[in-house]
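Enquirer: The following block contains the structure, expressed as structure tokens.
The values are calculated or read from the model by the stated rules, or taken from the named source; none is laboratory data. In this text, all values refer to a predicted model and were calculated from it rather than measured experimentally. Cβ coordinates were reconstructed from backbone atoms using ideal geometry, including for glycine residues, and neighbour counts include every protein chain displayed.
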Amino acid sequence: MQKLYFFTLLLLLANVLPAQENLLMTNAEAYEILKGEYDPAPYFPAVVTNQPAEVIDGIVAQVSPDSLKDYLFELSSFENRNTGSDTTSADFGIGAARRWSHHKMQQFSERQEGRLLTGYFQFDQDICGMGQHRNVVAVLPGVGPNRHESVLVVRHIDSRCAGPCDIDCMAHGAEDNGSGTAMVLELAR
């Protein structure tokens, strides 16, 4: 079953992201888990919940509008999350936004007994004159009998103005796609 999900993930990536080359997960442990090649024992949480209703109720009860708002303001503070914007600045552009998002996922992992494995999915493709791109990835390993099944929650962090490669416009992107990014961060939290 895990091979079917992994194949589906690869097929999805191949169809959604045409012409990508040199696909790389920077967290090798997370990559092995996505392939289903892992021992679940090290990933058992201190408290195991086997009731889906409890999990759903817990998530709903803990969603914080204040956190969502804070994430949106923080994402907007990078001013330009265009795919081709600055990748090296500490506080401006897509690179700073990705590093902040990665750091948030790592913080959430620390609160979850280190079980949320964070890294980047890196690929080569010419987009707006840039050849290499990264997306933040976090994998929460399953531990039960269905651990080889996967649930993917995805979003894109970049934003665009009217012209897709206009890297000089300020693409703050609260709606596109700060809101989706905030939702994924809140689910991870």
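Enquirer: Only one of (1) outside any strand (DSSP E or B); (2) modelled with pLDDT under 95; (3) under 18 Å from V184 (Cβ atoms) fails for R134. Which number is that?
Expert: Answer for R134: the failing condition is (1).
Enquirer: I want to confirm something. Restricting to the range 105-137 and keeping residues that are in contact with a Pro (Cβ under 8 Å, 6 or more places away or on another chain) and surrounded by 15 or more Cβ atoms within 10 Å (Cβ to Cβ), which single residue is farthest from Y43 (Cα to Cα)?
Expert: As a first pass, look at the range 105-137 and keep what is in contact with a Pro (Cβ under 8 Å, 6 or more places away or on another chain): 112-113, 115, 117, 128.
Going one step further and asking which of them are surrounded by 15 or more Cβ atoms within 10 Å (Cβ to Cβ), we end up with 115, 117, 128.
On the way: R115: 6, L117: 10, C128: 40 Å.
Applying the filter and picking the extreme gives C128.
Enquirer: A further question on this structure: Which of the residues belonging to the range 70-104 are among the charged types (D, E, K, R), in contact (Cβ under 8 Å) with a residue 12 or more places away in the chain and within 22 Å of V137 (Cα to Cα)? Working first, answer last.
Expert: As a first pass, look at the range 70-104 and keep what is among the charged types (D, E, K, R): 70, 74, 79, 81, 86, 91, 98-99, 104.
Retained after the next criterion (residues that are in contact (Cβ under 8 Å) with a residue 12 or more places away in the chain): 74, 79, 81, 91, 98, 104.
E74, R81, D91, R98, K104 - these are the residues of the range 70-104 that are among the charged types (D, E, K, R), in contact (Cβ under 8 Å) with a residue 12 or more places away in the chain and within 22 Å of V137 (Cα to Cα).
Enquirer: Continuing with this model, one more query. If the Cβ limit is 7 Å and pairs must be 6+ apart or interchain, which residue in the range 35-61 that is part of a helix (DSSP H, G or I) pairs with which residue that is among the basic types (K, R) and loosely packed, with under 10 Cβ neighbours inside 10 Å?
Expert: Going by the 7 Å Cβ cut-off, there are no qualifying pairs.
Enquirer: If I ask for residues that are touching an Asp or Glu at 6+ places or on another chain (Cβ under 8 Å) and either at negative phi or at pLDDT 90 or above (or both), which ones from the range 172-189 would you list? Working first, answer last.
Expert: Quick first cut of the range 172-189, residues touching an Asp or Glu at 6+ places or on another chain (Cβ under 8 Å) only: 172-173, 177.
Matches in the range 172-189: H172, N177.
Enquirer: Counting only residues that are out of contact with any Lys or Arg (no Cβ under 8 Å at 6 or more places or on another chain), at pLDDT below 95 and not hydroxyl-bearing (S, T, Y), which one in the range 80-92 is surrounded by the most Cβ atoms within 10 Å (Cβ to Cβ)?
Expert: R81
Enquirer: Please go through the range 93-104 and pick out each residue that is surrounded by fewer than 17 Cβ atoms within 10 Å (Cβ to Cβ) and in contact with an Asp or Glu (Cβ under 7 Å, 6 or more places away or on another chain).
Expert: none
Enquirer: Might you let me know whether the range 57-64 holds any residue that is surrounded by 11 or more Cβ atoms within 10 Å (Cβ to Cβ) and in contact with a Gly (Cβ under 9 Å, 6 or more places away or on another chain)?
Expert: no
Enquirer: For the range 156-189, which residues satisfy the criterion of being in a loop (DSSP other than H, G, I, E, B) and hydroxyl-bearing (S, T, Y)?
Expert: Of the residues in the range 156-189, the ones in a loop (DSSP other than H, G, I, E, B) are 156-173, 189.
If the condition is that a residue be in a loop (DSSP other than H, G, I, E, B) and hydroxyl-bearing (S, T, Y), then S159 is the only one that fits.
Enquirer: Could you tell me which of the residues C161, C165 is surrounded by 15 or more Cβ atoms within 10 Å (Cβ to Cβ), farther than 30 Å from Q51 by Cβ and not β-branched (V, I, T)?
Expert: On the way: C165 fails: surrounded by 15 or more Cβ atoms within 10 Å (Cβ to Cβ).
Being surrounded by 15 or more Cβ atoms within 10 Å (Cβ to Cβ), farther than 30 Å from Q51 by Cβ and not β-branched (V, I, T) holds for just one of C161, C165, which is C161.
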